Structure formats: C-alpha cells, structure tokens
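> One structure follows; several queries about it will come next.
The values are calculated or read from the model by the stated rules, or taken from the named source; none is laboratory data. Not measured: the values here are computed from a predicted model. Methodologically, a virtual Cβ is constructed for each residue, glycine included, from the backbone with ideal geometry; neighbour enumeration extends over all protein chains shown.
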Amino acid sequence: MKTAMKRMWGLALLPVCLLLAWQLDVSAADTAPLEWKASNVVIVVMDGARWVDTWGDPKHENVPVLASNMAPRGVIAAKMRNRGMTVTNPSHAALVTGFYESIDNSSELPGHPTLLQRFLAASGLPREKAWLVTAKDKLKILANCKDPEWKGKFQTATYCGKNGAGMEYEEDPVIAAKVIAVLTNDHPRLVVVNFRSSDSAGHSGKRDAYLAAIHLIDSLVGNIFSVLETDPFYKDRTAFFLTNDHGRHSDGVADGFQGHGCDCDGCRRILLFAAGPDFARGAVVAEPVETIDVPVTAAAILGFTIPDSKGKLLTCLRPEFVENIKTNAATPVAPPSGGPKP
C-alpha cells in the first residue's frame, strides 16, 4: 500500500518537477553570455548632425552612400538618443566610457577609463592596436581619464587635430586618409574616429555648407567602410558603428540648426548604424537605444566589460531579434516633429 501511494505521489509531482526543470533551463539560457563573432571594433562619429538631416530625411539626400551602399549591409537604430550633455566633449566621452558625465567642453578628462584604455589593459596588446583619430584637437581627452588608477596608463595611439599634434582642427579628408592608413598598416583591433565638418559648418549658420559637410562625411565614411569590407583582417570580423555625438536644435528652437546643447529632440535624437557579423542586414529597428549602449556593446565584442555602466548590449540589432521585423533599410523613416520636448 505504501509503495503504491509513493508511486501515485511521484506521478502527481512529475508535471511540477518538469515545469520547474523547464523554468530552470529557461533561466539558464536567459543568463548565458552572448557569443560575438566580431573581434574588431570601429566607431565613427559624424560630429553634430541632426537626425532629420541624415537618415531622418525621407529621401536620404545627404547620406546617399549610407542609404545605397551601407544600409543594406547593416542595421539602422531609428530611435537612438544621447541622454547626456549634448555638446562635443561630454558626448564623445559618453561614447567611449559608457557613462554620461558633466565635464567641460575643452580640456577636462573623463572621470571614467575609456574604451581604448580598457581594451589595452584587457588585451595586453601594444598601443598601436588601439587608435584614436579625431579632426578636433580637443578630443585628445578621449585617450585618458581622471581616475587615479587609470590616469596616464594604457595610452592609445593618437592622431588628433592638425598634423595629429593636438593643435587646431584638421580637415576631414585628412582624417579619412589617416584612418585608412592606420587600418591598412597597423591593423588595430579598436579605432575611434571623429569627423568634425558637419558641426563646424552648422555653427557657421550656412545651411548649404552644413548639409554639404554631412554629404562629404558620408562619402569619407563609405571609403572607410569599403576597407573594412575588403581587407582580410577586417572582413567578416569587424563591428562597425556610425553615430553622432549630438544633434542640433530643432527648427524653431533657439537658433535652429546653428547651435546645440539643449534637451530638444533635434539635439538628442541621433543616427546609429551598425554593421558586422553580429548585426542584422537591411533592417531598421525601432527599439530605443542610447549613446552609452555603444561602448558597452563594443566592450563585450572585444572581450571585457564596463563595470557599473548603465549602458545595455545592443542585442536588439542582432539578426535573431530583428528577423520578424526585417525591412528594406532604404525605406524612408518619417522625421520627428520639431520643437522642444518636455
């Protein structure tokens, strides 16, 4: 009798046990680390361009190379935002540290170690395997930080400003040529690039010059992207990100496209294009993402983490998560309405 009762209880509890086992399996799968196919990262920043003047323009007139050649090979995040300060140095610092910080817009170092420093520390590779190439001289701050445990350590190779000496602004075509030379000669695993003419032309107040600068950077980025697509060291092994540090005032806000630095949609909403073996192709994704997600994802791809960052992995851009909403990446995306947001 006791044996029969034990069997009955065993059968009765079997579904519960199976359910618990299934839940444990699901939990384990959810917490399993993601695998990344890429082993190199290139981050390119088009300084100070509004979403409505890049991908947000339904005709993509200012970014024809991105629209026709690059977008079919990658994914656009249509709801990318900078949620920190919308000025150059703090915005760039967020892109390479994973933290929004209130630092000045001239020479103050970030408070947290940069992606470049963390990569050299984690990999043990020589400095030329991580490059910082910027048209703006003041962005040399991105090679260092104020953290006493990191300051002055793991210093990356740099070319910032005029002649790479951290003096004056350099022209964007010179920066593009330097990036291509670095990629070809040094084969770095991590590269961070700034093109500045879109921001500089915007501040001039000349709309035609501002849009022409975006068009120029679009073509220069296309040349860099071609190297990554053809060089055996980078082909099918590289995560490529094209984004903006910040946008510009929406029309009707302050001085419009001429300035930036506030909380309006024009300043906060920016472009993010991602390509590489870990990202979807020919897709536009509407999942909200933000600036600090880029370095956190880059760090994961390169094999380390950024402790305490609130940035999230850009898993929404991976093919397994966008398969059901895949669309033609050249499909126009409606621009946001102008004016400040609460």
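> It is to be established whether one or more residues within the range 217-231 are more than 22 Å from the chain's Cα centre (by Cα) and not small (Gly, Ala, Ser).
No: the range 217-231 contains no residue that is more than 22 Å from the chain's Cα centre (by Cα) and not small (Gly, Ala, Ser).
> Turning to a different aspect of this structure: If I go through the range 241-293 residue by residue, how many of them are in a loop (DSSP other than H, G, I, E, B) and free of Cβ contacts under 8 Å to residues at least 24 places away in the same chain? Give the derivation first.
Let us first name the residues in the range 241-293 that are in a loop (DSSP other than H, G, I, E, B), namely 244-255, 259-264, 271, 276-282, 286-288, 291-292.
Pick out the ones that are also free of Cβ contacts under 8 Å to residues at least 24 places away in the same chain and you get 249, 254.
Of the residues in the range 241-293, 2 are in a loop (DSSP other than H, G, I, E, B) and free of Cβ contacts under 8 Å to residues at least 24 places away in the same chain.
> Out of curiosity, is Asp236 touching a Ser or Thr at 6+ places or on another chain (Cβ under 8 Å) and either in the same structural domain as Leu95 (by TED's automatic domain parsing) or modelled with pLDDT of 95 or more (or both)?
Criteria not met by Asp236.
> Right, another one. Applying the selection to the range 134-148, what residues are in a loop (DSSP other than H, G, I, E, B) and touching a residue at least 60 places away in the same chain (Cβ under 8 Å)?
If the condition is that a residue be in a loop (DSSP other than H, G, I, E, B) and touching a residue at least 60 places away in the same chain (Cβ under 8 Å), then Ala135, Lys136 are the ones that fit.
> Could I ask something else about it? Among the residues of the range 188-200, is there at least one that is in the same structural domain as Asp255 (by TED's automatic domain parsing) and without any contact (Cβ under 8 Å) to a residue 24 or more places away in the chain? Please lay out each step first, then the result.
Of the residues in the range 188-200, the ones in the same structural domain as Asp255 (by TED's automatic domain parsing) are 188-200.
Cutting the leftovers down to without any contact (Cβ under 8 Å) to a residue 24 or more places away in the chain gives us none.
No, that holds for no residue.
> Any residue that is outside any helix (DSSP H, G or I) and farther than 22 Å from Arg237 by Cβ - is there at least one of those in the range 117-133? So that I can check it myself, show each step before the final result.
First, the residues of the range 117-133 that are outside any helix (DSSP H, G or I): 124-126, 130-133.
Cutting the leftovers down to farther than 22 Å from Arg237 by Cβ gives us none.
No, every residue in the range 117-133 fails to be outside any helix (DSSP H, G or I) and farther than 22 Å from Arg237 by Cβ.
> For the range 47-79, give me each residue that is touching a Pro at 6+ places or on another chain (Cβ under 6 Å) and among the hydrophobic types (A, V, I, L, M, F, W, C).
Scanning the range 47-79 gives a single hit, Val52.
> Looking at (1) closer than 20 Å to Ala274 by Cβ; (2) part of a helix (DSSP H, G or I); (3) in contact with a His (Cβ under 8 Å, 6 or more places away or on another chain); (4) of a type outside the set (Ser, Thr, Tyr), which is the only condition Asn194 fails?
Result: Asn194 fails condition (2) only.
Here's the yes/no breakdown for (1) of a type in the set (A, V, I, L, M); (2) buried (at least 22 other Cβ atoms within 10 Å of the Cβ):
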{"site": "Thr156", "(1), (2)": "no, yes"}
{"site": "Glu170", "(1), (2)": "no, yes"}
{"site": "Val174", "(1), (2)": "yes, no"}
{"site": "Val179", "(1), (2)": "yes, yes"}
{"site": "His187", "(1), (2)": "no, no"}
{"site": "Phe195", "(1), (2)": "no, yes"}
{"site": "Ser198", "(1), (2)": "no, yes"}
{"site": "Ala201", "(1), (2)": "yes, yes"}
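> Let me confirm something: among Asn163, Asn105, which residue is farther than 21 Å from Pro307 by Cα, surrounded by fewer than 24 Cβ atoms within 10 Å (Cβ to Cβ) and within 21 Å of the chain's Cα centre (by Cα)?
The match here is Asn105.
> Hey, another quick one. Filter the range 114-128 for residues that are closer than 13 Å to Arg189 by Cα and surrounded by 20 or more Cβ atoms within 10 Å (Cβ to Cβ); which is farthest from the chain's Cα centre (by Cα)?
Leu120
> Related question: Would you be able to say whether some residue in the range 209-219 is in contact with an Asp or Glu (Cβ under 7 Å, 6 or more places away or on another chain), free of Cβ contacts under 8 Å to residues at least 60 places away in the same chain, outside any helix (DSSP H, G or I) and not charged (D, E, K, R)?
Scanning the range 209-219 turns up no residue that is in contact with an Asp or Glu (Cβ under 7 Å, 6 or more places away or on another chain), free of Cβ contacts under 8 Å to residues at least 60 places away in the same chain, outside any helix (DSSP H, G or I) and not charged (D, E, K, R).
> Regarding the range 171-189, can at least one residue be identified that is in a loop (DSSP other than H, G, I, E, B), of a type in the set (Asp, Glu) and within 11 Å of Val133 (Cα to Cα)?
No.
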